[in-house]
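Just below is one structure, and these are the notes that go with it.
The values are calculated or read from the model by the stated rules, or taken from the named source; none is laboratory data. Keep in mind it's a predicted model, so treat the numbers as computed, not measured. These accessible areas exclude ligands, DNA and RNA; they are computed on the full protein's heavy atoms, side chains included. Shrake-Rupley method; radii C 1.70, N 1.55, O 1.52, S 1.80 Å.
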Amino acid sequence: MANTEAENPGDRGGPQLPKSPTGIVGFDEITGGGLPAGRPSLVCGPPGSGKSLFALQFLVNGVTLYGEPGVFLTFEQNRADVVADVSSLNFDLDRLEADGRLLVDALSLEHQAIDTGEFNLEALMVRLAWAVEKFGAKRVAIDNVEALFAAFSRPALVRSELQRLFRLLKDQGLTTVITGERGDGMLTRHGIEEYLSDCVVVLDDRVVQDVATRRLRVLKYRGSNHGRNEYPFLIGAQGLEVLPITSLGLNKQVSAERVSTGVPGLDDMLGGEGVFRGSGILVSGSSGTGKTTIGASFADAACKRGEVVLFFSFEESEAEIHRNMSSIGLDLTGWVDRGLLHFHCERPTTRGLEDHLAMMQQLIQEKAPTLVVIDPVSSLARGGSAFDVSAMLMRQVYYLKAASITAVMTVLTDESELAQSIINISSLVDTSLELVVLTALGERNRGLYVLKSRGTAHSNQIREFLLSDTGIEVVPVVIGAEGLLTGSARIAAESAERISAESMSLESEELARALEQRRETVDAHVATLRDDFVAEERLTQRLIAASEQRREALRLDRLAQGRRRTVRLPEDEP
């Protein structure tokens, strides 16, 4: 039994209404688990909005995902058409019916008992009861009950019989989906929603600025909280898919790893290490400021690390991107040949916003990239309102962050109607880079600054951003008397500073040489004085030695004279 007592949005404790999950991506999340189990639900909308597909997908998912057999009863199509219509979605109704898990029953309403007063649905009830018992059905879909009113001319009697039919389905505990055409001023043409009020789902298919877009709203859900907004939905290769923002929570894992932007000067402005892996980067600027080049640099750096990159372009073809990037030394062709870089280039007007979102998410699932570049996201605004664009971008940012994929999105700020959309998503990204045009002295030059970068130290300066055949260069700031200098003014200031530095260097060298010469002169003079002193010292020492010798000789002479006088004394006695 697939009935669940899932937590409904906004519920806080207490018993929950049993739910039957539909298996439709996104729908079960906005309804807190699916449709009310054992009760009838109405799905209404204009022709082509996806009512029959909703009913069939509810049954097929019930069989394949939740083990609940079902019965599909249609009054408008024959069985062969029903089977063929959904075969492209890999719904093999013939196999499911052969396995005894699903019955597709097409009833032809012939114009018979009209105005006889004998019309009733007894035969239909018996037939349905037999099918439910034979297949052990837990789910039933009736498509389209409005056909009964078209075939029979007594609507009051038809309503009475339908009420009896729905009571029977409810008494048997069958989770039932009934489809109906949208009426003027009413949910359905004949007001059957009056007694199908347990759950009412409204589908819509509208055209905005020549682009078709689908919307889903849960108008009523008795006994359960639910998302009350309109949600975009798609009919794709897997059937219906609802795209609520609420389907992506804020419990994603984050990484402390930093990855390079591919521009060394920009890495330096971001603390020397680049951006966080799995973060969102918004690159904003007017036309020609280098937004695509920044995105391509991110892609090139990721490919150099051996990572897979998916590049979405909505304004340039792949060949144009290869040619333009090769002019600044970025060879992206090699990465494509190695299977690391994948391009998807498409005009934004070829499909609606939701289709673009689904297409991008499908390619992301197929290629499993670590980096996604969307250039530019602002082009998508041409196919929808500012609110729709903002909601779509928020869903995409949430999706990429939840998958830990680094996302680089460029935005053309020339289009003023996008201002509010950009403001709405700028708070969701982690790093915001602004490319600006710096005008001075008759020149227009590119500038770059980091508006914000969460969790990292970053520069608060505006740097000049240069593109040349040797690559990308972020030039350090040069401040002059008139403020920030760029272009020729920066080159002139750097030249003047270099000349001044060279002059100071020459002056220093001359002073050093003069000092050295003076030192040599002093050293020579000192050496001469030292030599004179040595010579004088030697002469003095010789004179001192001679004087000492004379004094010693005089002393010796006196001693000798004294001895002689002492020897002659006895001869003088009488």
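Laid out as a table, the results:
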{"read-out": "Greater than 21 Å apart at Cα, pairs in Lys304/Lys452; Lys291/Lys452; Lys19/Lys134; Lys51/Lys401; Lys134/Lys170", "value": "Lys304/Lys452; Lys19/Lys134; Lys51/Lys401"}
{"read-out": "Accessible-area composition of segment 303-371, carbon plus sulfur, in percent [1.4 Å probe]", "value": "46 percent"}
{"read-out": "Mean Cα-pair separation over length for segment 250-391, i.e. relative contact order, pairs under 8 Å, 6 or more apart, %", "value": "25 percent"}
{"read-out": "Where only C-alpha atoms are counted, convex hull volume of segment 243-344 per residue in Å³", "value": "147 Å³"}
{"read-out": "Nonlocal amide H pairs with Val145, under 5 Å, H built at 1.01 Å", "value": "Thr179"}
